[in-house]
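Shown next, in structure tokens, is the structure this report addresses.
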Amino acid sequence: MRPSISSSAASTKVGAAVGAANAAPPARSRRRAPTPADLLLLVLLLAAVAALQAGVARGGVSQDLLLRTAGGPDQWVDARRDADYNLTGPLGTTVVTVRDGDAWIARAPCRNQVCVRMGHLHGTRRALVCLPNRILVRFASKGQAEGPDAIAH
Amino acid sequence: MPSPTEPLPPPQSGTIAPVATPGAATLRRGTALRTRIALYAAAATVLFVVERALPNPVPWVRLGLANVVTLVALLEHGAGPAAAVVALRLLLGGFFTGGLFGPQFALAVAGATASWFIMTAGVWFGGRYWSPLGLSLLGASAHAVAQIAIAGPLVAGGASLWALLPLFLGLSIATGIVTGLAADALLRRLDVARGVPGP
């Protein structure tokens, strides 16, 4: 995609300029946009944005899963470890399953089973809540668990 | 005895004709370079202030037109003069927008410093591969990262804002393309005005 205008008439001038540039490299870039390196950089940056976005959607840096029940103290578990957790509430035992960084409620003693149908949790945006059994499951950093995240009954 | 018209030709042929404009090589130091820096800084300040005054659909996101001037100064005169232009633009811009030494000023300083640093590194280590577009992309990305890094402790009360990085980085890619193409076009015009054959 080289412009053909300069190749015939001004080739000697261009050649001389290139020779001078090679003799004493100028401080400025003389390439015409976009160069292959420009496009490579653009692709890399877009890939970085996509990867970062995926990381943020997955919960960013936090892999700490908060399990909160009405009666007991908050429990923190590592979401990178696959396990089942039994949480006891007023109605009975709710089972939270953690697999491959995802968390979901596998079994619940409540009648409507809304919390089971809430599906998988894999990010900070949502929380799994079982109101009848008074249970909350969400990803959060340990420092920021307090505050406006208490369960409203 | 010289005729009254004799003193006139030297200024005409010496300073006004575009062919005889001193090139970058003769502008390394001295009054001519300082004048150039002052003009670049004035242009950058005007762009900075006008951009602030424009209505803005997305808060905090601006085109960064002043970076066009930084890039041109960097490629025309080198890292030192570009740093001088950036510093003058930050001070004057902060002065005219009323935010001198405030939190917004700190954000602008962080962004502009990071941008200057990485664009200078880009010229030094990859100057023959990148056009102004690539350098502008580098600078805009560094600007976004630096501002996110400093905005958390400075403006958001210590909360980490890294979750916003993908959004800001994506927007800075878009603005970096615009300012990079603008700088590319401007540099080509400067070449034409100077009579230098293009690449």
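For the reader, a short list of remarks on this structure follows.
- Cβ-based net charge around B:Arg62, under 13 Å, with every Lys or Arg adding one and every Asp or Glu removing one: 0
- Treating each Cα of region A:88-135 as an identical point scatterer and summing with the Debye formula, the log10 of I(q)/I(0) at q = 0.15, 0.22, 0.25, 0.28 Å⁻¹ comes to -0.34, -0.71, -0.89, -1.06.
- Placing dummy labels 7 Å off each Cα toward the beta-carbon, the span from A:Asp78 to A:Arg107 is 2.7 nm.
- Using a Förster distance of 22 Å, the FRET efficiency for B:Ala42-B:Phe117 (Cβ separation, nearest 0.05): 0.40
- Treating each Cα of region B:100-199 as an identical point scatterer and summing with the Debye formula, the log10 of I(q)/I(0) at q = 0.15, 0.17, 0.25 Å⁻¹ comes to -0.67, -0.80, -1.25.
- A:Gln63-A:Leu131 pseudo-label distance in nm [points 7 Å out on the Cα-to-Cβ vector]: 3.5 nm
- Computed from the C-beta positions of B:Val50 and A:Arg32 and an R0 of 41 Å, the FRET efficiency is 0.90 to the nearest 0.05.
- Loop-located chymotrypsin sites (Phe, Trp or Tyr not before Pro) in region B:83-124 (DSSP state other than H, G, I, E, B) with a sparse environment of at most 15 neighbouring Cβ atoms within 10 Å: B:Phe101.
No value in this document is a laboratory result; all are computed from the given coordinates. Note that the structure is a prediction, hence the values are computed from the model and not measured. Neighbour counts are summed over all protein chains in view; Cβ atoms, including those assigned to glycine, are modelled from backbone coordinates with ideal geometry.
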